[in-house]
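> Just passing along the structure, written as structure tokens.
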Amino acid sequence: MSIAFSLPPLATNGFVYAFKNSDFVGQSICVGLFLFSIVIWVVMLEKCMTLKKAARDTAEFIRQFKENKSPLFLKNQAENDRSPAARVFEAACARIDEFRIELPGSGRRALRDDELEVLKGTVEQAVEEQIVMLEKRMIVISTAVSAGPFLGLFGTVWGITIAFTNLALIGRADIQTLAPGVSGALLTTVIALFVAIPSLVFYNIISSQLKNLTVRLDNFASEIVAQFKIEQLEAILQAGRERK
């Protein structure tokens with residue numbers, strides 16, 4: 001039991017001891033990594049919450065899109081909805097306004113083939129723009145994953161080099177002479193792993209959330225085009241019946 005309770009203060013004292021025995025370069029790397037870890041945690045938590053809300057709002061808007069027969073109602077709804085799906089639908093409505101026709105269900109003509117192709121390109125571009133916005137600051141997390149360990153390795157190699165240089169200058173090889181420099185050198189690796197490991201876990205979680213949301217938006221874009229395509233086919237069939 002005494003060992004269990006003595007470990008935390010021992011670890012704390014070990015970190016303090018290692019930091020004090022680091023040179024300026026090692027201490028700078030440790031402080032920089034510590035400050036960077038704070039930024040990383042803020043970015044990761046903000047990104048997770050943002051994607052969770054975006055996924056929830058997107059699912060709700062897609063549900064309304066499937067349940068409502070009047071896209072005109074959804075057009076008004078999208079103006080007050082900030083979800084990625086609403087932004088994609090709003091882009092489609094803006095393009096349709098340029099065609100100078102009404103939304104399906106209004107009794108106006110359906111889209112022509114060339115207009116459908118333009119609409120398809122519009123919604124695909126809108127999806128890409130939303131994904132780019134959702135991927136903001138992902139570079140910060142990926143940098144922590146890739147660069148963190150290398151910074152730690154650099155600090156360790158630097159510290160060990162300095163430790164052995166001092167050892168050669170002193171001319172005495174014993175554990176008391178070597179330990180301070182080596183402990184300070186290894187501290188940078190410990191802090192770097194503390195930054196990189198959580199960043200890697202959250203990066204995979206966030207990437208999975210982004211992938212799922214991208215698939216949903218791509219499918220939603222296809223549904224928008226499909227709905228107008230159905231309107232076009234219905235208009236063709238109706239024209240055929242009238243000629244008969």
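> Kindly indicate whether residue 110 is of a type in the set (A, V, I, L, M) and either within 15 Å of residue 222 (Cα to Cα) or at pLDDT 90 or above (or both).
For residue 110, the condition - of a type in the set (A, V, I, L, M) and either within 15 Å of residue 222 (Cα to Cα) or at pLDDT 90 or above (or both) - is not met.
> A follow-up question, please. What number goes with the only condition from (1) surrounded by fewer than 17 Cβ atoms within 10 Å (Cβ to Cβ); (2) farther than 19 Å from residue 32 by Cβ; (3) β-branched (Val, Ile, Thr) that residue 197 does not pass?
Of everything listed in (1) surrounded by fewer than 17 Cβ atoms within 10 Å (Cβ to Cβ); (2) farther than 19 Å from residue 32 by Cβ; (3) β-branched (Val, Ile, Thr), residue 197 misses just condition (2).
> Working only within segment 77-107, note down all residues that are surrounded by fewer than 19 Cβ atoms within 10 Å (Cβ to Cβ) and at pLDDT below 70.
Matches in segment 77-107: 100, 101, 102, 105, 106, 107.
> Please go through segment 208-225 and give me each residue that is surrounded by fewer than 17 Cβ atoms within 10 Å (Cβ to Cβ) and touching a residue at least 24 places away in the same chain (Cβ under 8 Å), ordered by number.
212, 218, 223
> Let me ask another. Restricting attention to segment 30-86, report how many residues are of a type in the set (Ser, Thr, Tyr), closer than 30 Å to residue 201 by Cα and not in a helix (DSSP H, G or I).
Residues meeting the conditions: 1.
> Follow-up. Restricting attention to segment 142-161, and to residues there that are out of contact with any helix residue (DSSP H, G or I) (no Cβ under 6 Å at 6 or more places or on another chain) and not small (Gly, Ala, Ser), which single residue is farthest from residue 203 (Cα to Cα)?
Selected residue: 161.
> Tell me, yes or no, whether segment 13-36 has at least one residue that is over 30 Å from residue 167 (Cα atoms) and surrounded by 12 or more Cβ atoms within 10 Å (Cβ to Cβ).
Yes: one or more hits.
> Something else about it: From the set of residues in segment 127-137 that are touching a helix residue (DSSP H, G or I) at 6+ places or on another chain (Cβ under 7 Å) and assigned to a helix (DSSP H, G or I), which is nearest to residue 44 (Cα to Cα)?
134
The values are calculated or read from the model by the stated rules, or taken from the named source; none is laboratory data. Computed from a prediction, not measured in an experiment: that's the story for all the values here. A quick note on method: Cβ atoms are made from the backbone with ideal geometry, for glycine too, and the neighbour counts reach across all protein chains shown.
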